[in-house]
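Here's the structure, in structure tokens; my notes come after.
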Amino acid sequence: MMKKLSLVALAASTIILSCSDETTVFKDTEDDISIEAEASVLENSILFDDAGVLEIKKTDGSTGKTSKTIEEMAGDYPLTLVARVDPPSYTGGDNLTASHIDVDGNYAYVSYNTVEDGYAGGIDIIDVSDPNNPKVTSRLYYSNADINAVEYDNGYVYAVGGVDSEKSVRATSNSFIVKIPASGGILDVSRELIYGFQEGFTANDVEVTTNGILVTSGKDGLLTYYKKTDLSTKNDVSFSDLRSVAYDNGVIAVLDASQGVSIMDENFVERKIIAIDSDFGQSSKRTLDFSGEKIIVSEGAKGAGVYNMDSGSLIEYIPILLNPVGTETENIVTNAVAMNEDILLMANGGAGLCLSEDVDGQTNIVGVVDLDGSINYVASKGDYIFAASGKAGLQIVKLNRPDQSLENRCSDLDPYYGSANLYVSEGDVKEYNGSKRFNKLEVDGSLLLCGTWTVNSTSYVNSNGRFEMNGTLVVGRNNKRKNIVVNKDAVLRIEGNLYIYGDLILNEGATVEFIGDDSVANIFGSVKLLEDAKVKGTFKDLQGKF
């Protein structure tokens with residue numbers, strides 16, 4: 001069910017022109033905008049079908065093994081898929097794909113457009129304050145406009161996109177920006193919406209600065225600087241083929257597919273041009289991002305180019321790691337790049353989401369995250385990665401970085417460096433801290449893990465064994481369920497968060513004990529207790545399985 005907020009006919013809308021003749025204030029809401037009013041639609045948009053532990057592949061069909069004779073080591077980056085968000089769907093907008101993502105505080109703001117003929121779009125706000133239970137808190141539909149990029153700032157969502165100006169009463173050009181009131185995860189279209197229009201094929205990127213709003217508008221378009229208050233134009237400059245804009249501490253970088261990257265100040269005074277002769281494709285999404293003194297550019301089939309911002313020189317190309325069989329060549333391209341501290345993420349279309357790390361100034365490719373769909377856009381902030389995967393929707397990934405206070409408590413332990421299959425023999429005592437990906441855990445002796453850990457396979461605490469975990473442990477994936485089996489008279493002690501995408505099986509005399517007052521159990525399968533098995537301690541049972 002959609003709640004139509006049509007207060008007056010389009011032609012009868014109250015219009016106030018600001019000091020710029022390309023900025024329009026609407027006191028009433030148009031027929032072409034609607035808000036999703038059915039709570040069940042928003043709730044059912046969150047899917048947990050394939051949530052759980054994510055593998056990271058280094059080559060086609062591989063998760064790191066280079067030879068059958070070389071033991072696979074436990075991997076860094078124990079990622080988990082929290083959930084997937086289905087794209088909005090409505091009459092006239094049945095083929096929407098996620099086009100852009102902005103993360104601010106506890107909310108992710110997602111824009112949607114259509115790659116089909118015509119115009120249709122939408123905006124979602126997703127609450128990720130609880131990593132166990134993300135929620136779509138607000139959804140807006142545009143029946144006559146693509147929404148290509150979005151950014152939140154201080155109580156407003158700034159969305160940019162394209163519209164057919166010949167069919168629109170309000171539009172003076174095909175490219176537009178709209179300022180929408182939003183607070184507490186809710187879009188409020190009962191208040192006035194402010195629109196601005198500029199020349200260009202379609203508005204495709206937006207950056208909010210301290211002093212205004214930057215918008216790029218594609219082929220034969222403009223880089224326009226708008227005032228935040230009323231979206232009147234402060235300044236603009238034309239380019240041949242604009243794709244993206246980035247901003248950092250007074251420095252503006254724009255990607256023009258016809259020449260490369262232009263570096264300028266906030267007065268649009270050009271400081272440097274970084275010439276790039278890559279094939280960026282026709283009207284394709286390509287982005288850039290700052291990384292210290294470097295600029296990372298998505299360059300289609302070449303992968304990502306890394307450039308020195310001062311000299312303009314090419315530092316390196318980061319290639320596309322996978323070439324999946326059966327994937328069309330034109331879909332194996334780097335569409336977008338994003339930085340999160342020392343992590344570089346590349347949205348490589350049909351070749352997936354590539355994760356690399358900056359180690360002492362050198363880029364090391366970690367691998368390709370095992371996500372379904374064609375990855376068209378990526379954003380990352382804090383402990384989350386948000387990957388737009390076309391019609392498969394938005395995928396929410398948790399990095400599972402270790403909690404600093406947890407590391408302090410376990411500071412005397414050595415970090416784990418070893419096999420991806422961790423086996424603790426009877427009589428052995430092993431204690432580690434860290435953050436790793438395992439294929440399998442099996443404990444016959446005593447094991448203490450402090451940190452964040454993921455396991456791909458069913459794991460065992462065997463008879464009389466003892467496994468203690470302080471931090472976060474995730475086992476299995478919802479579409480590839482795996483279990484934790486605690487065998488006769490063995491003990492599993494948890495201080496922190498236990499996620500099992502499968503069953504927790506306690507055999508005869510086995511014990512699971514939760515320590516402290518803040519532990520969490522999130523069991524997606526069943527809890528099976530055999531004779532004399534015990535569950536001790538205080539914990540939050542998220543799925544109600546105990």
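Counting only residues that are without any contact (Cβ under 8 Å) to a residue 60 or more places away in the chain and open to solvent by 30 Å² or more (accessible area, probe 1.4 Å), how many does the stretch 85-94 have?
The total comes to 4.
Quick one: which of Leu214, Leu231, Leu242, Leu223 is out of contact with any Cys (no Cβ under 6 Å at 6 or more places or on another chain), closer than 19 Å to Val150 by Cβ and in contact (Cβ under 8 Å) with a residue 60 or more places away in the chain?
None of the other options fit; the residue is Leu231.
Looking at (1) free of Cβ contacts under 8 Å to residues at least 60 places away in the same chain; (2) more than 17 Å from Phe290 (Cα to Cα); (3) crowded, with 18+ Cβ neighbours inside 10 Å; (4) small (Gly, Ala, Ser), can you tell me which one Gly196 breaks?
The number of the failed condition is (1).
Going by the structure shown, is Asp60 assigned to a loop (DSSP other than H, G, I, E, B) and either modelled with pLDDT of 65 or more or open to solvent by less than 10 Å² (accessible area, probe 1.4 Å) (or both)?
Here the answer is no, as Asp60 does not meet what is asked.
Checking Thr97 against (1) crowded, with 24+ Cβ neighbours inside 10 Å; (2) of a type outside the set (A, V, I, L, M); (3) part of a strand (DSSP E or B), which test does it fail?
Here Thr97 clears every test but (1).
Tell me whether the stretch 145-157 contains one or more residues that are part of a strand (DSSP E or B), open to solvent by less than 10 Å² (accessible area, probe 1.4 Å) and within 30 Å of Gly52 (Cβ to Cβ). Walk me through how you get there before you give the answer.
Initially, the stretch 145-157 is screened for residues part of a strand (DSSP E or B), giving 145-153, 156-157.
This time we only want the ones that are open to solvent by less than 10 Å² (accessible area, probe 1.4 Å), so: 145, 147, 149-150, 157.
From what is left, the residues that are within 30 Å of Gly52 (Cβ to Cβ) are 150.
Checking the stretch 145-157: at least one residue is part of a strand (DSSP E or B), open to solvent by less than 10 Å² (accessible area, probe 1.4 Å) and within 30 Å of Gly52 (Cβ to Cβ).
Would you check which residues across the stretch 113-130 are within 21 Å of the chain's Cα centre (by Cα), open to solvent by 40 Å² or more (accessible area, probe 1.4 Å) and not small (Gly, Ala, Ser) and list them?
Of everything in the stretch 113-130, those that are within 21 Å of the chain's Cα centre (by Cα), open to solvent by 40 Å² or more (accessible area, probe 1.4 Å) and not small (Gly, Ala, Ser) turn out to be Val115, Asp130.
Regarding the stretch 326-339, can at least one residue be identified that is surrounded by fewer than 22 Cβ atoms within 10 Å (Cβ to Cβ), of a type in the set (D, E, K, R) and in a strand (DSSP E or B)?
Going through the stretch 326-339, the residues surrounded by fewer than 22 Cβ atoms within 10 Å (Cβ to Cβ) turn out to be 326-332, 339.
Keeping just the survivors that are of a type in the set (D, E, K, R) gives 328, 330.
Narrowing further to those that are in a strand (DSSP E or B): none.
Checked the stretch 326-339: no residue is surrounded by fewer than 22 Cβ atoms within 10 Å (Cβ to Cβ), of a type in the set (D, E, K, R) and in a strand (DSSP E or B).
In this structure, is Glu508 at pLDDT below 90 and out of contact with any strand residue (DSSP E or B) (no Cβ under 9 Å at 6 or more places or on another chain)?
The answer is no for Glu508.
Considering only residues that are in a strand (DSSP E or B) and of a type in the set (Gly, Ala, Ser), which ones fall in the stretch 202-221?
Step one: list which residues in the stretch 202-221 are in a strand (DSSP E or B), which gives 205-208, 213-216, 219.
The answer is none; no residue qualifies.
Under 7 Å by Cβ, and 6 or more places apart or on different chains, what pairs join a residue from the stretch 466-479 that is more than 16 Å from Leu447 (Cβ to Cβ) with one that is crowded, with 24+ Cβ neighbours inside 10 Å and acidic (Asp, Glu)?
From residues that are more than 16 Å from Leu447 (Cβ to Cβ), there are no pairs.
Has the stretch 526-534 got at least one residue that is open to solvent by 20 Å² or more (accessible area, probe 1.4 Å), in contact with a strand residue (DSSP E or B) (Cβ under 9 Å, 6 or more places away or on another chain), free of Cβ contacts under 8 Å to residues at least 24 places away in the same chain and not polar (S, T, N, Q)?
yes
Check the stretch 267-286 and report whether any residue there is surrounded by 15 or more Cβ atoms within 10 Å (Cβ to Cβ) and either touching a residue at least 60 places away in the same chain (Cβ under 8 Å) or touching a helix residue (DSSP H, G or I) at 6+ places or on another chain (Cβ under 7 Å) (or both).
Yes, the conditions are met somewhere in the stretch 267-286.
Counting only residues that are touching a residue at least 24 places away in the same chain (Cβ under 8 Å) and closer than 17 Å to Val254 by Cα, which one in the stretch 300-309 is nearest to the chain's Cα centre (by Cα)?
Within the stretch 300-309, the match that is nearest to the chain's Cα centre (by Cα) is Ala304.
If only one of Val485, Val455, Val443 is farther than 18 Å from Ala74 by Cβ and either open to solvent by less than 40 Å² (accessible area, probe 1.4 Å) or among the hydroxyl-bearing types (Ser, Thr, Tyr) (or both), which one is it?
It is Val485.
The values are calculated or read from the model by the stated rules, or taken from the named source; none is laboratory data. Only a predicted model underlies this, so the values are computations on that prediction, with no experimental measurement involved. Here the Cβ is made from the backbone with ideal geometry for all residues, glycine too, and neighbour counts use every protein chain on show. The area values use the complete protein model at the heavy-atom level, side chains included, leaving out ligands, DNA and RNA. Shrake-Rupley method; radii C 1.70, N 1.55, O 1.52, S 1.80 Å.
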